[in-house]
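Below you'll find the structure I mean.
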Amino acid sequence: MSRINITFTSETLLGQLDLNLLFFGKEECLPSHTWGPGLRDSYILHYIHSGCGIFGRGEQSHFLTAGQGFLIPPSTIVHYQANENDPWTYSWVGFNGLHAKSFMQRANLSPPYLVYDTGKDSRPHFESFYDDLLNARSLRNGDVLSQSILYRLMAELISSSKAPLPDTKPSPSKESYLNQAIGFIENNYSQKISILDIAASVGLDRTYLSSLFKIKFGVSLQTFLLEYRINRATELLRNPELSVSDISRSVGYADPFLFSKMFKKVTGSSPRNSRDKNTEDYL
């Protein structure tokens, strides 16, 4: 993962300008790289150069690709995640200022609408703003030039703004997300699924989804999946025709030794001992 973040300083008192540049950066994200849920103290505008990912606020989520972007307003809890197969590369610029909020409103970027799509004519300016800011730092008039680049970026953002992008899907309730996730587990627990797979199936950040499981069931998503598999394995142990290896594969563990280890972690006994005890109880 390649990441550069540059903090900008000037002699101007922070926050006393209409727009005040604070920092900027660029990152080539690793697959499934995640940030949040969390919040920031200033406005941060992201632009996606390549790849794709998910940006979300609360229960709303958007699938975004190259040429699109998203805004993180101050004190707004958001989360975002790079795609597992085609992770995004994005640039960002952090800013505040007396008129920062009004500029964002003119660009149709205010909660709950925090994503945007650049127009064909504006896209080159978004593609180059990081390099433009980086080059300006070495110049004698770099602070003034950097501010002008930020204003130009805002002008392009406003001119290319359209009606707010619709959500990629209706915003279901938390209960609906949980039901979808549980349904995915019930249908796929015998496969080699991960927490990322479950989160992707409902379009949520894995940390946020796990927090919903913690609130509802008192355990994390990882623990819920583990206990579901072990409970199913316990049922299968009652069938004497199935070996431990058969059962291991049937609940998503290719390695029977790992299965036995996780089974003992949950139940306190090995699969064989559990089977013997169930046989004795039955007799």
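Would you point out the residue of the range 113-150, among those that are in a helix (DSSP H, G or I) and among the small types (Gly, Ala, Ser), that is surrounded by the fewest Cβ atoms within 10 Å (Cβ to Cβ)?
By that ranking, first place goes to Ser148.
Can you confirm whether Pro74 is surrounded by fewer than 20 Cβ atoms within 10 Å (Cβ to Cβ) and under 12 Å from the mean Cα position of the chain (by Cα)? I'd like the intermediate steps shown before the answer.
Details: surrounded by fewer than 20 Cβ atoms within 10 Å (Cβ to Cβ): yes; under 12 Å from the mean Cα position of the chain (by Cα): no.
Criteria not met by Pro74.
Sticking with this structure for a sec: Among residues belonging to the range 86-112 that are in a strand (DSSP E or B) and closer than 13 Å to Ile72 by Cβ, point out the one that is modelled with the lowest pLDDT. Can you show your working first?
Start the filter on the range 86-112 by keeping residues that are in a strand (DSSP E or B), which leaves 87, 89-96, 110.
Pick out the ones that are also closer than 13 Å to Ile72 by Cβ and you get 90, 92-96, 110.
Details: Tyr90: 94, Trp92: 92, Val93: 91, Gly94: 90, Phe95: 91, Asn96: 89, Ser110: 85.
The residue in question is Ser110.
Let me ask another. Anything in the range 47-78 that is in contact with a Leu (Cβ under 8 Å, 6 or more places away or on another chain) and of a type in the set (D, E, K, R)? List them, or say none.
Matches in the range 47-78: Arg57 only.
The values are calculated or read from the model by the stated rules, or taken from the named source; none is laboratory data. Note that this is a predicted model, so its numbers are computed, not measured. Note that each Cβ is placed from the backbone with ideal geometry, even for glycine, and that neighbours are counted across all protein chains shown.
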